[in-house]
Amino acid sequence: MDRLADDFDLFEVREPETQTIPFVYNSPHSGRHYPPAFLESSRLDHMAIRRSEDHYVDELFSAAPDFGAPLLQAHFPRAFIDVNREPYELDPKMFSGPLPSFVNSSSIRVAGGLGTIPRIVAENMDIYAGRMTVEQAMARIDTVYKPYHACLRRLMARTHTRFGLAVLIDCHSMPGNIRVSGSSLRPDFIIGDRYGTSASADLSMAALHILENLGFCAVRNKPYAGGFITEHYGRPVRGLHALQIEINRSLYVDETTLQKRPDFRLLTSAIATFIGAMAEFAADMTGDTALAAE
């Protein structure tokens with residue numbers, strides 16, 4: 001059931017000719033290659049199963065290498081395995097045998113059906129028609145999850161070694177109906193820094209101000225403060241910063257047909273401006289005049 005198609009890479013790193021800025025961009029949920037055997041095991045049709053994708057986010061951030069930063073992008077779908085989770089957040093109800101003792105089966109994300117091997121897609125629709133074996137889950141983790149994170153760790157370590165600083169921008173999208181709790185505000189972007197623990201406040205505020213200056217409504221941490229990747233890779237005291245950025249899908253895609261809206265190119269251009277402005281801010285923050293000139 002879990003054999004992946006042989007005609008695509010699980011993920012790729014789009015590298016600049018030379019990395020010139022201390023940023024790593026990551027799009028872990030925009031993969032849209034669905035292995036045929038996986039689709040056959042699902043009770044969902046080919047459109048419904050895509051509801052948990054961060055649609056085209058890899059394309060929205062495609063300018064990152066032009067500004068001197070690598071872009072890591074998944075090709076496997078989030079519905080197949082979610083790398084923005086702990087490696088072993090698994091729901092016992094999904095499997096035909098007992099799970100190993102080291103599995104975290106009590107997290108809030110598992111309870112909501114959105115563990116490392118998701119049980120549902122975004123609209124609370126069950127993915128699978130039946131149970132899978134524990135061996136299948138472990139194989140996904142060993143062949144997809146672990147290599148992906150090994151690659152991301154290498155990119156962050158290389159960046160930190162070269163610049164003495166590494167900033168991970170973890171790129172996501174959110175449904176168009178998301179509101180800030182307690183208000184009617186519908187943000188265009190949400191910057192998540194785990195309430196100040198995964199990145200410096202200066203970086204977070206710079207991201208917010210850049211987006212606001214571009215004419216967007218941007219908020220911080222509510223309702224999305226960042227997931228496992230932001231929490232795991234952000235160590236500001238060590239010069240490792242991680243920001244999650246959520247983009248309102250209604251800005252650029254029809255959420256029913258999943259077709260790009262006419263403003264897709266304009267948003268892509270605005271995000272390119274954001275990438276460049278963040279690079280300039282990092283240069284100012286580090287006092288690296290050579291970086292600022294590149």
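Distant-in-sequence amide contacts of R119, defined by a placed amide H-H separation under 5 Å and a gap of 5 or more residues or a different chain, comprise L114.
Equivalent ellipsoid of region 58-100: semi-axes from √(5λ) of the C-alpha gyration tensor, largest first, are 34, 10, 6 Å.
With the convex hull of the Cα atoms taken as the outline of region 95-190, the averaged projected area works out to 9.5 nm². Per-residue extension of 0.36 nm, minus the Cα-Cα distance of S269 and R154, leaves a gain of 38.5 nm for this segment.
Whole-Hz Karplus values for region 235-249 come out as 9, x, 5, 9, x, 10, 10, 9, 10, 9, 10, 10, 10, 5, 4 Hz, taken residue by residue from phi with 6.51 cos²θ - 1.76 cosθ + 1.60 and θ = phi - 60°; glycine and proline positions read x.
Test of understanding: express the Cα radius of gyration of region 151-220 as a ratio to 2.2 N^0.38 Å, with N the residue count. Walk me through the intermediate numbers first.
Details: Rg = 14.5 Å, N = 70, 2.2 N^0.38 = 11.1 Å.
Dividing the Cα Rg of region 151-220 by 2.2 N^0.38 Å gives 1.31.
Couplings 3J(HN,Hα) for region 192-200, derived from phi with the Karplus relation 6.51 cos²θ - 1.76 cosθ + 1.60 (θ = phi - 60°), are x, 10, 6, 6, x, 9, 9, 7, 5 Hz, where x marks Gly and Pro.
Using the Cα atoms as the points, what is the convex hull volume per residue of the chain in Å³?
Numbers: hull volume 39.2 nm³, N = 294.
For the chain, the hull spanned by Cα atoms encloses 133 Å³ per residue.
In what sequence do C171, C151, C217 fall when counting other Cβ within 10 Å, fewest first? Show your work: numbers first, answer last.
Numbers: C171 26, C151 17, C217 14.
The most exposed by this proxy come first: C217, C151, C171.
Taking amide H as placed 1.01 Å from N in the peptide plane, the amide H of F11 sits under 5 Å from that of H75, each at least 5 places away or on another chain.
The string of couplings for region 41-55 from the Karplus curve (6.51, -1.76, 1.60, θ = phi - 60°) is 7, 9, 8, 8, 7, 5, 8, 4, 5, 8, 5, 9, 5, 8, 4 Hz, one whole number per residue in order, with x for Gly and Pro. Annotation: for a label point projected 7 angstrom from Cα along Cα→Cβ of R179, residues of region 247-269 with backbone N closer than 19 Å are 248-251.
Amide H to amide H, with H built 1.01 Å from N, R235 comes under 5 Å of L240, H241, A242, counting only residues 5 or more places away or on other chains. Counting only DSSP beta bridges with both residues in the chain, what percent are antiparallel, rounded to the nearest 5? Once the DSSP bridges in the chain are tallied, antiparallel ones form about 40 percent. Computed over the alpha-carbon atoms, region 1-122 gives an Rg to Rh ratio of 1.03, Rh here being the Kirkwood radius from the mean inverse distance. In plain terms, the residue of M94, M47, M174 with the fewest other Cβ atoms within 10 Å comes first and the most crowded comes last, giving M47, M174, M94. Residues R109, R78, arranged from fewest to most other Cβ atoms within 10 angstrom of their Cβ, appear as R109, R78.
The Cα center of region 32-58 and the Cα center of region 227-280 differ in position by 21 Å.
Helices meeting the span-like rule in the chain (full DSSP H runs, Cα extent of at least 15 Å along the helix axis, mean Kyte-Doolittle score of 0.5 or higher): 201-213, 264-286.
Within the same chain, lysines fewer than 8 places from K260 are excluded, and of the rest, those with a Cα less than 28 Å from its Cα are K222.
Only the coordinates and a few stated rules stand behind these numbers; no lab work does. Everything quoted here is computed from the prediction, not taken from an experiment. When we count neighbours, we look across all protein chains shown, and the Cβ atoms used for this are built from the backbone with ideal geometry, even at glycine.
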